[in-house]
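Visitor: My questions all concern the structure below.
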Amino acid sequence: MAPIRLGIDLGGSKIEIIALDSDGAELLRRRVATPQNDYQATLAAVAQLVVDAEHELRVPARSSRIGIGTPGSISRATGRLRGCNSVCLNGQPIREDLEQRVGRAIRATNDANCFALSEASDGAGQGAAVVFGAILGTGVGAGVVVNGSLLEGPNAIAGEWGHNPLPWPRDDERPGALCFCGHAGCIETWVAGPAMVRDHLHTTGDVRTTVEIVSGATAGDAACQATLARYEERLARALAHVVNLLDPDVVVLGGGMSNITRLYTNVPELMRPWVFSDRLDTRLVKNVHGDSSGVRGAAWLGN
């Protein structure tokens, strides 16, 4: 019997575990609330999920392969987490501590990498040689998968396009909003969900959610249509930069903004003037696994 793969998605509000067989079929899924501001309790919760999953699946204890997706990333220099919005995790050697608790090696990477690996393995990017999986949500992140393997890089930051500046900025886009990373004008400050809300407020003085802006645009509201058009054009420039650097076969979008259907028609056309080629064959597609991509990608880490 091939080993079961366990994937764990460590989020700020929930910890989820999934078990996949060798073909990627889901065998089990469970979740618990994430202990707040308590690192040791978080470790205990993850370890208990693993024990319970193996018991329920009736597989030998400590026989499953485990991958975990984390907020932030693990520093190659220190082996400790950095950049987590769950601040109790920052500076902690989470992989080492979990390995001690579960009694085996664990593969760990950030949640954007897990998203990309999931969609490349058996999602919207399946079969493609190079997949760029971009999350457009509260923040902006991405992962890169090449020939089925996750590309992380010597600094463990491959795919961190959200903290590059918006390319080809116009005069009215300089210097841009301040990003939490300390710089201004990052891609994240232009194409994350809150960026659309801020842009609409700045232009119209009207507070609307992203859903309301998209609905308004569909209904013919001129101001909402203009906001959405600006968003699409900026996203096109940002993704064209990726194509010029990486030339992926497919770009898979995830996160809340990926639910805007018209992006998949409009953005590729808007990308063309910025791509250094006489044609654009990179496909822009929506994810297949939705909110499950993170935990499924963590399981695929355990290959």
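Visitor: Gaussian network model of the chain, Cα springs within a sub-10 Å range: biggest mean-square fluctuation belongs to which of His200, His163, His183?
Guide: In this elastic network of the chain, the residue with the biggest mean-square fluctuation among His200, His163, His183 is His183.
Visitor: Starting from the stretch 1-72, pick out the trypsin sites (Lys or Arg not before Pro) whose DSSP state is loop and whose Cβ has at most 11 other Cβ atoms within 10 Å.
Guide: In loop regions of the stretch 1-72 (DSSP not H, G, I, E or B), the sparsely surrounded trypsin sites (Lys or Arg not before Pro) are Arg58.
Visitor: What list of ³J(HN,Hα) couplings, whole Hz, do you get for the stretch 287-301 from phi and the Karplus terms 6.51, -1.76, 1.60, once you set θ to phi - 60° and write x for glycine and proline?
Guide: Here the 3J(HN,Hα) series is 4, 9, 8, x, 5, 7, 4, x, 6, 5, x, 4, 5, 5, 4 Hz.
Visitor: Which whole-number percent gives the relative contact order of the chain, counting Cα pairs below 8 Å spaced six or more residues apart?
Guide: After rounding, I find 21 percent.
Only the coordinates and a few stated rules stand behind these numbers; no lab work does. Keep in mind that what you see is a predicted model, and the values were worked out from it rather than measured. No Cβ is skipped: glycine too gets one built from the backbone with ideal geometry, and neighbour counts run over all protein chains shown.
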